[in-house]
1. For the cross-link pairs LYS6/LYS213; LYS164/LYS213; LYS116/LYS180; LYS6/LYS76, which exceed 24 Å when the distance is taken from alpha carbon to alpha carbon?
2. Name the longest site-free stretch of the chain, where the excluded sites are chymotrypsin sites (Phe, Trp or Tyr not before Pro) in a DSSP loop with no more than 15 other beta-carbon atoms within 10 Å.
3. Could you quote the convex hull projected area for the stretch 94-225, Cα atoms only and averaged over all directions, in nm²?
4. Please work out the Cα convex hull volume for the stretch 121-190 and give it in Å³ per residue.
5. Hey, what number do you get for the chain at 222 nm if only DSSP H runs of n ≥ 4 count, each worth -39500 (n - 2.57), divided across all residues, to the nearest 500?
6. Which values of log₁₀ I(q)/I(0), to two decimal places, follow from the Debye formula for the chain at q = 0.10, 0.14, 0.16 Å⁻¹ with a uniform point scatterer at every Cα?
7. Can you grab the distance from the C-alpha centre of the stretch 183-233 to the C-alpha centre of the stretch 149-174, Å, no decimals?
8. To the nearest Å, what is the center-to-center distance of the stretch 12-30 and the stretch 59-73, using C-alpha atoms only?
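Bear in mind that the values in this text are calculations on the coordinates, not laboratory data. All values reported here derive from a predicted model rather than from experimental measurement. No Cβ is skipped: glycine too gets one built from the backbone with ideal geometry, and neighbour counts run over all protein chains shown.
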Amino acid sequence: MSIDLKNVDYVYDSGEPFEYFALRGISLHIDEGAFVGIVGRTGSGKSTLVEHLNGLLFPTHGDVVVDDEIVSGDRKVLAKVRRRVGIVFQYPEDQFFAETIFEEVAFGCRNYGFGKEQVDDSVHRAMKTVGLDPDRFLSLSPFQLSGGEQRRVAIASIIAMGQKYIVLDEPTAGLDSGSKLAVLAELESLRQTTHVTVILVSHNMDEVAEFCKQVIVLDDGAVAFQGPTDTFFTDAALVDRTGLELPESYRLARALKACGSILTLNEASTERMLESLKLSVSDLGGT
């Protein structure tokens, strides 16, 4: 199963003097179980694109297809699609309203008609998935938490509903570096253990290089690239043309290679680079 966009246009203020094409002829494919990055400069259409994935917006032209279901305004279709695709928007903690973390995470489950035992089980499992001890946290107010903990609760509220596709719009915005890595590592662990699809919208190219195996690059509302993340970042000219920056690890790998290092660019995530550097030192007789 998959998410597919077929020649999708989206026009704001269609037919008006100030109409604006936010998306132009978008065709793309996202496999179930993938960790996909959506990147592009500000105004490239990223947020407009993800709002099509669960029917918050509908194409002016073209089709969005989720697991063979064409997304439309039909209430039954929307219910099915939104049961499969969950979106965590930037700064989701700004939308908190419940008195306790349990009530916050349970809210969506109850809306989907979960029974009491299923709600309890789903909430506890989701909290453990995002690295928060249910026994410690569920009775607290969400407003007692740190920024990183609040972000994890927001993600848990989506995970608890059991959706197959989790879309995150800048999920690490405003977090410290440790919290950023923890949130993304937990999402990768969730993907590996449950086979959910993680779709990450980010301006942080280091995060994308580290965690996303596939990347969709938008430029002026059109797809400029879709494919393996390594392939995109090894094409420095394409990266520059789309207004993005090479991740630090790729810049370092390129500099090392220019100096004669045996390090190859497709080893340029942080973890793989460190391992490759160790091998390089070993080959040179170092310690």
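1. Values: LYS6/LYS213 22 Å; LYS164/LYS213 18 Å; LYS116/LYS180 33 Å; LYS6/LYS76 22 Å.
Those over the limit are LYS116/LYS180.
2. On the way: sites that count: PHE18, PHE97.
No qualifying site falls inside 98-287, the longest such stretch.
3. Average projection, Cα convex hull of the stretch 94-225: 8.8 nm².
4. On the way: hull volume 6.0 nm³, N = 70.
With only Cα atoms used, the stretch 121-190 gives 86 Å³ per residue.
5. After summing the helix terms and dividing by the residues of the chain, the value is -12000 deg cm²/dmol.
6. Reported log10 I(q)/I(0), two decimals: -0.59, -1.06, -1.27.
7. Centre-to-centre distance over Cα atoms comes out at 15 Å.
8. 15 Å
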